[in-house]
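Just below is one structure, and these are the notes that go with it.
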Amino acid sequence: MEQLHVGRPNIGDRGRFLARLNDILDQRWLTNRGEYVIELERRIAQRVGVRNCVLVANGTIGLELLIRALGLGGEVIVPAFTFVATAHALQWQEITPVFADIDPETHCLDPRSVETAITPRTTGIIGVHLWGRPCAIDELAKIAGRHNLKLMFDAAHAFGCSYGERMIGSFGEGEVFSFHATKIVNAFEGGAIVTDNDELADRLRLMQNFGFRGYDRVVYLGINGKMSEVSAAMALTNLESLEAFVERNRANYFAYARHLADLPGMALVRYDESHHSNYQYVVTVVNDDSALTRDELVTVLHAENVMARRYFHPGVHRMEPYRSYFPDAHRLLPCTEQVCRQVLVLPTGPALSEEDVAGVCGVIRAALKHGPAVRERLARREHPNP
Ligand SMILES: Cc1ncc(COP(=O)(O)O)c(C=O)c1O
């Protein structure tokens, strides 16, 4: 089987991208808010239904800027089942991430756990719309309101997704998308902060460009978080193919659902059809009834050229520096611990056909059917006889 990947970059219409690239080179306007960045900001704000979009160099700096512009400090509550950037964006500016547990169904923050993590030092909550599935937005907003906390969202996975009929990107004080190469819309590297708050957006624009207001006038502390014109051109081109990408992902997801139905020990994490999804992630849970552990299954799949991935393993709370700062964090995170042990993300994307999906599922089915024999062979590979 040809090697199949999770998060293989989506490439939109190559001709259109190259035409835009030529135009950028002809105009010699490479960065500093040229026409492609302005156009992309306009299109994203319109699509999400918010007043402001501030494009940035990547999602991580978008998180850092929004955290800072909101004046967060002390402690901020985040999940530990997320990409490490969610926590790093806080710790980088010496704000303490406090890890709350997740809901085992949605893999997003469990509001009850958030509530118990609040202390007098808490200033905010960052929900992560993991896998493009919306957090418990209403419950988190209620908690934030009751305790006078700022609520923002890491929407890195959720471009093109909705909460009911309202697009992700329009909730909380602001939300951050990632346009990293592996995301549904990519800008090679890139991100966007979206918000309805004009004053906040104005501050973010200053901060993202060294605090410049006009040519020589620096009026605020800032950093370089700008997106380049080439990145914006790539994202614009990808955006034009978004519906086609989602359609392929959706077809693959339902093909996986058919092929994996009734497989003992493995469950596909379902998308709630009352929300729009980009179906970018095919997430499975290899539970305790499985004939092989998640890690054994990963080894088998890799040997068959299926580069399935354990996501967020072993959990941000078990990565440095958090592991040293909070050695006992795992005791308060039973669902996070379990999901980190069991989640397996399977390849999808426009590069994958439904036949490929059938092939991946065939490998999984065969491996689980012959679980004890496979386990024995794996053990022999690990400890060959002298
Ligand atoms: C949940 C989450 N948050 C933040 C990021 C960081 O985004 P970027 O890679 O664009 O900096 C990513 C992915 O890359 C992510 O998956």
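Looking at CYS335 and the list (1) more than 20 Å from the chain's Cα centre (by Cα); (2) under 24 Å from ALA85 (Cβ atoms), which single condition is not satisfied?
(1)
Can you go through LEU297, LEU301, LEU352, LEU344 and tell me which one is among the aliphatic types (A, V, I, L, M), touching a strand residue (DSSP E or B) at 6+ places or on another chain (Cβ under 9 Å), buried (at least 20 other Cβ atoms within 10 Å of the Cβ) and in a loop (DSSP other than H, G, I, E, B)? Break it down stepwise before answering.
Working: LEU297 fails: in a loop (DSSP other than H, G, I, E, B); LEU301 fails: in a loop (DSSP other than H, G, I, E, B); LEU344 fails: in a loop (DSSP other than H, G, I, E, B).
Unique residue meeting the criteria: LEU352.
Would you be able to tell me the number of residues in the stretch 105-130 that are assigned to a loop (DSSP other than H, G, I, E, B) and modelled with pLDDT of 95 or more? Outline the logic, then answer.
Residues of the stretch 105-130 assigned to a loop (DSSP other than H, G, I, E, B): 105-108, 110, 118-121, 129.
Restricting the remaining residues to those that are modelled with pLDDT of 95 or more gives 107-108, 110, 118-121, 129.
Residues that pass the stated criteria total 8.
Check PHE159, PHE177 and return the single one that is assigned to a strand (DSSP E or B), among the aromatic types (Phe, Trp, Tyr), over 18 Å from TYR322 (Cα atoms) and within 14 Å of the ligand (Cβ to nearest atom).
Details: PHE159 fails: assigned to a strand (DSSP E or B).
When all the criteria are applied, what remains is PHE177.
What do you reckon, is THR106 more than 16 Å from the ligand (Cβ to nearest atom), touching a residue at least 24 places away in the same chain (Cβ under 8 Å), among the hydroxyl-bearing types (Ser, Thr, Tyr) and surrounded by fewer than 24 Cβ atoms within 10 Å (Cβ to Cβ)? Write out each step before concluding.
Working: more than 16 Å from the ligand (Cβ to nearest atom): no; touching a residue at least 24 places away in the same chain (Cβ under 8 Å): yes; among the hydroxyl-bearing types (Ser, Thr, Tyr): yes; surrounded by fewer than 24 Cβ atoms within 10 Å (Cβ to Cβ): yes.
So THR106 fails the test.
Looking at this structure, is MET227 touching a Gly at 6+ places or on another chain (Cβ under 7 Å), at pLDDT 95 or above and buried (at least 16 other Cβ atoms within 10 Å of the Cβ)? First the steps, then the outcome.
Values: touching a Gly at 6+ places or on another chain (Cβ under 7 Å): yes; at pLDDT 95 or above: yes; buried (at least 16 other Cβ atoms within 10 Å of the Cβ): yes.
Spelling it out, MET227 is indeed touching a Gly at 6+ places or on another chain (Cβ under 7 Å), at pLDDT 95 or above and buried (at least 16 other Cβ atoms within 10 Å of the Cβ).
Would you please name the residue that is nearest to PHE177 (Cα to Cα), looking only at residues in the stretch 53-89 that are within 8 Å of the ligand (Cβ to nearest atom), open to solvent by less than 10 Å² (accessible area, probe 1.4 Å) and among the β-branched types (Val, Ile, Thr)?
It comes out as THR86.
Taking the condition of being out of contact with any Ser or Thr (no Cβ under 8 Å at 6 or more places or on another chain), assigned to a loop (DSSP other than H, G, I, E, B) and either among the β-branched types (Val, Ile, Thr) or open to solvent by 10 Å² or more (accessible area, probe 1.4 Å) (or both), how many residues in the stretch 162-174 meet it?
Of the residues in the stretch 162-174, 4 are out of contact with any Ser or Thr (no Cβ under 8 Å at 6 or more places or on another chain), assigned to a loop (DSSP other than H, G, I, E, B) and either among the β-branched types (Val, Ile, Thr) or open to solvent by 10 Å² or more (accessible area, probe 1.4 Å) (or both).
Tell me, please, whether a residue that is open to solvent by less than 40 Å² (accessible area, probe 1.4 Å), more than 12 Å from the ligand (Cβ to nearest atom) and either in a loop (DSSP other than H, G, I, E, B) or among the acidic types (Asp, Glu) (or both) can be found in the stretch 186-204.
Looking through the stretch 186-204, none of the residues is open to solvent by less than 40 Å² (accessible area, probe 1.4 Å), more than 12 Å from the ligand (Cβ to nearest atom) and either in a loop (DSSP other than H, G, I, E, B) or among the acidic types (Asp, Glu) (or both).
Give me the pairs, please: first residue somewhere in the stretch 358-380 and within 11 Å of LEU292 (Cβ to Cβ) and of a type in the set (S, T, N, Q), second residue anywhere and assigned to a helix (DSSP H, G or I) and at pLDDT below 95, beta-carbon distance under 6 Å, and either six or more positions apart or on two chains.
none
Could you figure out which of (1) of a type outside the set (Phe, Trp, Tyr); (2) away from the ligand (no atom under 16 Å from the Cβ); (3) touching a residue at least 40 places away in the same chain (Cβ under 8 Å) isn't true of ARG28?
(3)
Being of a type outside the set (D, E, K, R) and assigned to a helix (DSSP H, G or I) narrows it down to one of MET227, MET234, so name that one. Quick ask: steps written out before the conclusion?
Details: MET227 fails: assigned to a helix (DSSP H, G or I).
Testing whether each residue is of a type outside the set (D, E, K, R) and assigned to a helix (DSSP H, G or I) leaves just MET234.
Does PHE312 satisfy the condition of being surrounded by fewer than 19 Cβ atoms within 10 Å (Cβ to Cβ) and farther than 21 Å from GLN3 by Cβ? So that I can check it myself, show each step before the final result.
Details: surrounded by fewer than 19 Cβ atoms within 10 Å (Cβ to Cβ): no; farther than 21 Å from GLN3 by Cβ: yes.
In short, no.
Could you list all residues from the stretch 237-259 that are assigned to a helix (DSSP H, G or I), touching a residue at least 40 places away in the same chain (Cβ under 8 Å) and open to solvent by 10 Å² or more (accessible area, probe 1.4 Å)?
At the first step, the residues of the stretch 237-259 found to be assigned to a helix (DSSP H, G or I) are 237-239, 242-259.
In the following step, the residues that additionally are touching a residue at least 40 places away in the same chain (Cβ under 8 Å) were identified as 237-239, 242, 244-246, 248-249, 251-253, 255-256, 259.
Passing the criteria: LEU239, ALA244, PHE245, VAL246, ARG248, ALA251, HIS259.
Residue by residue through the stretch 360-373, note down the ones that are open to solvent by 30 Å² or more (accessible area, probe 1.4 Å) and closer than 24 Å to PRO347 by Cβ. Outline the logic, then answer.
Here is the first cut: in the stretch 360-373, the ones open to solvent by 30 Å² or more (accessible area, probe 1.4 Å) are 362, 365-366, 369-370, 372-373.
Scanning the stretch 360-373 gives GLY362, ARG365, ALA366, LYS369, HIS370.
Condition first: in contact with a helix residue (DSSP H, G or I) (Cβ under 9 Å, 6 or more places away or on another chain) and charged (D, E, K, R). Now tell me which residues in the stretch 191-226 satisfy that.
ARG203, ARG213, LYS226
Do we have GLU139 as modelled with pLDDT of 95 or more, open to solvent by 20 Å² or more (accessible area, probe 1.4 Å), assigned to a helix (DSSP H, G or I) and within 15 Å of the ligand (Cβ to nearest atom) here? Break it down stepwise before answering.
Numbers: modelled with pLDDT of 95 or more: yes; open to solvent by 20 Å² or more (accessible area, probe 1.4 Å): yes; assigned to a helix (DSSP H, G or I): yes; within 15 Å of the ligand (Cβ to nearest atom): no.
It is false that GLU139 is modelled with pLDDT of 95 or more, open to solvent by 20 Å² or more (accessible area, probe 1.4 Å), assigned to a helix (DSSP H, G or I) and within 15 Å of the ligand (Cβ to nearest atom).
The values are calculated or read from the model by the stated rules, or taken from the named source; none is laboratory data. As the structure is a prediction and not an experimental result, all values here were calculated from the model. Positions of Cβ are generated from backbone atoms using ideal geometry, with glycine treated the same way; all protein chains shown enter the neighbour counts. Note: areas computed on protein heavy atoms with side chains; ligands, DNA, RNA excluded. Shrake-Rupley method; radii C 1.70, N 1.55, O 1.52, S 1.80 Å.
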